[in-house]
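The values are calculated or read from the model by the stated rules, or taken from the named source; none is laboratory data. Keep in mind that this is a model prediction, so the values were computed, not measured. All Cβ positions, even for glycine, are placed from backbone atoms using ideal geometry, and neighbour counts span all protein chains on display. Side chains included, ligands, DNA and RNA excluded: accessible areas come from the protein's heavy atoms. Shrake-Rupley method; radii C 1.70, N 1.55, O 1.52, S 1.80 Å.
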Amino acid sequence: MGSWLTLGPALLSLAGVALGAGGSLFGQYLVSRAGTRQLEVQESAAHRAELKNAVLKFLGLASRVEKAALARSGGGDTASDAELDQLVDDLWLAHAEIDLAARTEPLRGAAYRLAARLAEAARGGISDGSVLRGSQAQFFDAAYDDMWPGHRRAPGASVTPQ
């Protein structure tokens, strides 16, 4: 009986140390997990910002190329061939920025298809802007999916032509 009186407190102390160490390790695991999640959120936000800038630059150039190409085909106020060629070159550079920043292949493909259609329009191969709308809609949808993977767009938010 005397041995339990001396051994009991030692065993309880040892159990307390083991419980404290386990709790400490579990706490460190939770902190590490939270830190990892916070880093993922920050990286995702940085990716969205980088991609958003590339997309906006690409869309600005795409709009300018479309207007110049369609004005040329319509016989209206036209940009010179050199200006239009420079716009197309700038568009392909903006496409390369998207290609580097994109996480998904659908966005890369949609950007390429839109740039190719616009280059074709600049060469005089497309004279109707409605032909470009399908490529633009695919590009917008792919950009949204790349920036916010797994999130569904609000009903009616798609720019897909009806």
Query raised in the report: Separation between the Leu100 and Asp128 pseudo-spin-labels, each 7 Å from Cα along Cα→Cβ, expressed in nm?
Result: 3.8 nm
Query raised in the report: Can you give the relative contact order of the chain as a percent, counting alpha carbon pairs under 8 Å and 6+ residues apart?
Result: 21 percent
Query raised in the report: Roughly what would the spin-label model give for Ser3 and Asp81, points 7 Å off Cα along C-beta, in nm?
Result: 10.5 nm
Query raised in the report: Of Glu120, Glu40, which has the most accessible area and how do the rest follow, probe 1.4 Å?
Result: Glu40, Glu120
Report summary line: Full extension between Leu12 and Tyr29 adds, at 0.36 nm per residue less the Cα distance, a length in nm of 3.6 nm
**Report entry** Estimated inter-spin distance, Val41 and Ala116, nm [label 7 Å along Cα→Cβ]
**Finding:** 4.1 nm
Query raised in the report: Rg and Dmax of the stretch 42-107 over Cα atoms: what are they, in angstrom?
Result: 14.6, 49
Query - Net +/- balance of residues flanking Trp148 in space, Cβ distance below 13 Å, scoring K and R +1, D and E -1 - result: +2
Query raised in the report: How large is the Kirkwood hydrodynamic radius of the chain, in angstrom, based on all distinct alpha carbon pairs?
Result: 19.8 Å
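Using the C-alpha gyration tensor of the stretch 1-89, what are the square roots of 5 times its eigenvalues, in whole angstrom, with the largest one first?
Values: eigenvalues 1146, 11, 5 Å².
Each semi-axis is √(5λ); the values are 76, 8, 5 Å.
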